[in-house]
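Remarks on the structure that follows.
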Amino acid sequence: MAATPLTMAEFLTLTGSEFTAWESSNPELASEILDEGARVVGQAWELRRSMGHLSWVGHMLTRLGASTVSPRSSGQVTSKKIAELSISYAVAAGSASFGSTPWGQMFEELEARVHPGPTVDGVVCP
């Protein structure tokens, strides 16, 4: 059985009070983001569709400053330094934006399970 896209009420229930105040002040934009999330997380996601939709919308709203929760991480690690030794890591262009929020990191983990091939900004490359 295919999962249906989340409604705003379901999204707000699943995320607790993290986005409630912002959604109350911006209902039209919140609805547009929810609808776009449903398009991004399509039928190919099957059983992971609700979680993909939840994490994509949570990421986008967090990037807009809608979250009332402080980020648990400051994004991806791009370099490390210990004494005189330093190492830098390549960060894929599409990954950097999703890696900047816990919701985006969850989305990328789910997406890797659904689409094991390369993606650019959440779109599977042929």
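The values are calculated or read from the model by the stated rules, or taken from the named source; none is laboratory data. A quick note: this is a predicted structure, and the numbers were derived from the prediction, not measured. Positions of Cβ are backbone-derived with ideal geometry, glycine not excepted, and every protein chain shown enters the neighbour counts.
Residue by residue through the stretch 5-47, note down the ones that are of a type in the set (S, T, N, Q) and surrounded by fewer than 18 Cβ atoms within 10 Å (Cβ to Cβ). Once the filter is applied, which keeps residues that are of a type in the set (S, T, N, Q) and surrounded by fewer than 18 Cβ atoms within 10 Å (Cβ to Cβ), the stretch 5-47 yields T7, T13, S17, T20, S24, S25, N26, S31, Q43. Filter the stretch 1-36 down to residues that are in contact with a Ser or Thr (Cβ under 7 Å, 6 or more places away or on another chain) and touching a residue at least 40 places away in the same chain (Cβ under 8 Å) and give me whichever is farthest from V69 (Cα to Cα). By that ranking, first place goes to A3. Of all the listed residues (L34, L47), the sole one being of a type outside the set (F, W, Y) and at pLDDT 90 or above is L34.
Just to be sure I understand, how many residues within the stretch 1-39 are among the charged types (D, E, K, R) and either in contact with a Leu (Cβ under 9 Å, 6 or more places away or on another chain) or assigned to a loop (DSSP other than H, G, I, E, B) (or both)? Before the answer, list the steps.
Here is the first cut: in the stretch 1-39, the ones among the charged types (D, E, K, R) are 10, 18, 23, 28, 32, 35-36, 39.
Filter once more, keeping what is either in contact with a Leu (Cβ under 9 Å, 6 or more places away or on another chain) or assigned to a loop (DSSP other than H, G, I, E, B) (or both): 10, 18, 23.
Residues flagged as among the charged types (D, E, K, R) and either in contact with a Leu (Cβ under 9 Å, 6 or more places away or on another chain) or assigned to a loop (DSSP other than H, G, I, E, B) (or both) within the stretch 1-39 amount to 3.
Only residues that are among the aromatic types (F, W, Y) and over 22 Å from S100 (Cα atoms): list them for the stretch 22-67, please. Selection gives W45 alone. Would you call L61 touching a Phe, Trp or Tyr at 6+ places or on another chain (Cβ under 6 Å) and modelled with pLDDT of 90 or more? Against the criterion (touching a Phe, Trp or Tyr at 6+ places or on another chain (Cβ under 6 Å) and modelled with pLDDT of 90 or more), L61 qualifies. In the stretch 37-51, the qualifying residues are those that are without any contact (Cβ under 8 Å) to a residue 40 or more places away in the chain and not hydrophobic (A, V, I, L, M, F, W, C), and the one that is nearest to V114 (Cα to Cα) is G42.
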